[in-house]
Every structure is written in structure tokens, then in C-alpha cells.
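To start, I am sharing the structure in question, which I have written as C-alpha cells.
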Amino acid sequence: MMSDTDQALVDEQIRYYRQRAPEYDEWYYRRGRYDYGPEHTRSWQQEIAAVRETLDGLKPSGRILELACGTGLWTQQLARYAGTLTAVDASPEVLALNRARVRSAAVCYRLCDIFAWEPDVTYDFVFFGFWLSHVPPSRFAAFWDLLRAALAPGGTVFFVDNRFHPDSSARNHAVDLRRVTQRRELNDGRAFEIVKVFYEPEGLAARLAPLGWRGDFRMTANFFIYGSVTLAR
């Protein structure tokens, strides 16, 4: 069970992403406060494309689950694969944007705090983009227990997230790597405290092994960590 402090932090994190919904894509497309120039944007786009290519190479099929589906930037790709897709998020604002972007009858949307969500079926493939870094360390094991319950035998988990880079976030966002929470501002200046944990492949593998998971973890040149994870036999 989460402590009251952790729950308050998760609640604030949800509020932040609800309020950030209309401006979230600025981060992904490197616009406004996230624009560091054309060379930076070119590198960012190339590295995102490499992750997408890896995901595509796995050929997800069957029942697919996307956690923290956000505005649909990855839902679009997942919805093209054979099978059904369940997309879960705690923000009705981003789910509305997701629906408008994806427009697919194959997607079933679930509005729910991921930490309170319980799967009622198992899934052949589970994806989450830029979510693992927002899981409080005290909830790390419980989150992977949730994935164990959600994953069908022989299933695969695939994720992508930020690796630390000083130019990954907005120009006015400072990062203190000694902390697991960071201050984030919206375009209008409102500030929130959210969880942000930066992982490296070796450290992530070391945390997952005692929980019964093994993974193939990779990093792009500058911005991202990604990989596929399965239950160890």
C-alpha cells in the first residue's frame, strides 16, 4: 500500500498531466520551450524513429495493453497491429485527445489511475511510453506485480522512457539527479511536483532480476532508454 505522502504525490502528478494535456505534444515535437534548434530536433526524431522501428519489429498481436496512453502518440502505432488494444490513462483530457487522434474502433479506452487498475483479462503485449520514470520507487515492485498479473504466458512488455539529458525537458526545467521528484511548470507558469526517475540499463536490470523479470535494454545516443521485458523462466 502506498504511503499518504506517495499517494499525494501521485495525485499531484495526475493533476499535472490533466492540466498539461493540451500542451503535451509540444514536448514530443520539440516546440516552444522544448525547441533547442534544428539539429537537436533532427537527433530527437531519429532516435524516436529507431525506437518505433524496434517496436514494429516485435510485431505485437493478440490482446495489446497500453498503460499511460496519453494523447495517442504511440496508440496510433499500436492500433495498426493485429488484435485488440486496451488503452489506460488517469486523465480524461488526454483520453479525449487520444480518441480524436487515433479514431479506431479497435481501441478500448479505460479511465483509471494505473495504481488502482486491476486487469480483468491477460494481454499478449504490454506497452508503456514515458511512464516508468513516473512510478514512485516505493511502488516499483508493485507495478511489476501488476504487469505480471496482466501478462499472458509468453507475453512481452515493451517500454520507452527518457534517459537523462540536459536538453530533454523544457528550457526552464532544472533537474536534480539526487532527487526522485522534479518541479515541472506549465506554459502559464503553474508548477507541480512529479516523480521523475532516470534509469540506466544495468541499474534497471538489477532491479528487475529479483522480481523475476529479464530484459533486453538499450539506449539511443542521447535521449531514450527502451527495451523488451519478459518473465524469467
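By count of other Cβ within 10 Å, fewest leading, how are PHE127, PHE224, PHE164, PHE143 ordered?
Numbers: PHE127 27, PHE224 21, PHE164 15, PHE143 18.
Fewest to most other Cβ atoms nearby, the residues stand as PHE164, PHE143, PHE224, PHE127.
What is the order of THR86, THR181, fewest Cβ neighbours within 10 Å to most? Spell out each step's value before the answer.
Working: THR86 21, THR181 16.
Result, fewest neighbours first: THR181, THR86.
With θ set to phi - 60°, apply the Karplus curve 6.51 cos²θ - 1.76 cosθ + 1.60 along the range 166-178 and write out the HN-Hα couplings as whole Hz, x wherever there is a Gly or Pro.
Each residue's phi maps through the Karplus curve to give x, 9, 7, 9, 5, 4, 9, 9, 8, 10, 10, 5, 7 Hz.
Continuing with the same structure: Please build a GNM for the chain, connecting alpha carbons under 10 Å apart, and tell me which residue among LEU95, LEU186, LEU132 fluctuates the most.
Looking only at LEU95, LEU186, LEU132, the largest GNM fluctuation is found for LEU186.
Something else: Quote the FRET efficiency, to the nearest 0.05, computed for ARG42 versus ALA206 with a Förster distance R0 of 25 Å and r equal to the Cβ-Cβ distance. It would help to have the intermediate numbers written out before the result.
Details: r = 34 Å, r/R0 = 1.35.
The computed FRET efficiency comes out at 0.15.
Using only the Cα atoms of the range 1-69, build the gyration tensor, take square roots of its eigenvalues as a ≥ b ≥ c, and label the shape rounded, prolate or oblate: rounded if a/c is under 1.5, else prolate if a/b is larger than b/c, else oblate. Intermediate results must be reported in sequence, preceding the final value.
On the way: a/c = 2.71, a/b = 1.23, b/c = 2.20.
Because a/c hits 1.5 or more and a/b fails to exceed b/c, the range 1-69 counts as oblate.
Something else: Would you please give the FRET efficiency between THR181 and ALA100, computed as 1/(1 + (r/R0)^6) with r the Cβ-Cβ distance and R0 = 41 Å, to the nearest 0.05? Before the final figure, lay out the partial values.
On the way: r = 31 Å, r/R0 = 0.77.
Efficiency for this residue pair is about 0.85.
Ranked by Cβ crowding within 10 angstrom, fewest neighbours first, how are ASP35, ASP176 ordered?
ASP176, ASP35
Then there's this: Non-local amide H neighbours of ARG110 (under 5 Å, H modeled in plane, Pro and chain starts lacking H): which ones?
ALA87, VAL88, ASP89
Here are a few candidate values for Rg and Dmax of the Cα atoms in Å: (1) 16.8, 50; (2) 16.0, 49; (3) 16.9, 54. Which one was actually calculated from the structure I just gave you?
This structure yields the entry labelled (1).
Say each of SER61 and TYR29 gets a label point 7 Å from the Cα, pointing the same way as Cα to Cβ; how far apart are those two points in nm?
Reported label-point gap for SER61 and TYR29 is 3.4 nm.
Another question, then. Which cross-chain or sequence-distant (5 or more) residues have an amide H under 5 Å from the amide H of LEU151, H modelled 1.01 Å from N in plane?
Amide H to amide H, under 5 Å and 5 or more residues apart or across chains, LEU151 pairs with TYR123.
Roughly how many nanometres apart are two label points built 7 Å out from the Cα toward the Cβ at HIS165 and GLN76?
Going from the HIS165 label point to the GLN76 one covers 2.0 nm.
Here is a further query. Explain nothing, just compute: Karplus ³J(HN,Hα) = 6.51 cos²θ - 1.76 cosθ + 1.60, θ = phi - 60°, for every residue of the range 28-42 in order, whole Hz, x for Gly and Pro.
5, 8, 6, 10, x, 5, 9, 8, 10, x, x, 5, 4, 4, 4
Taking R0 as 22 Å, what FRET efficiency do you get between ARG18 and GLU53 from their Cβ-Cβ distance, rounded to the nearest 0.05?
On the way: r = 32 Å, r/R0 = 1.44.
That gives a FRET efficiency of 0.10.
Can you check what the Kirkwood hydrodynamic radius comes to for the range 130-233, Cα pairs only, in Å to one decimal?
Final number for the Kirkwood radius of the range 130-233 is 15.0 Å.
For TRP213, list long-range residues whose amide hydrogen, built 1.01 Å from N in the peptide plane, is under 5 Å from its own amide hydrogen.
Under 5 Å from the amide H of TRP213 lie the amide H atoms of ALA232, each far enough along the sequence or on another chain.
According to a simple spin-label model (label point 7 Å from Cα along Cα-to-Cβ), what is the distance in nm between THR230 and THR122?
Taking the two extended label points, one gets 1.4 nm.
Continuing with the same structure: Quick one: compute the contact order of the chain, relative version, from alpha carbon pairs under 8 angstrom and 6+ residues apart, as a percent. Each step should come with its number before you reach the end.
Working: 375 pairs, mean separation 47.1, N = 233.
About 20 percent, as a whole number.
Since every read-out is calculated from the coordinates, none of them should be taken as a lab result. Keep in mind it's a predicted model, so treat the numbers as computed, not measured. Ideal geometry is used to build each Cβ from the backbone, glycine not excepted, and the neighbour counts take in all protein chains shown.
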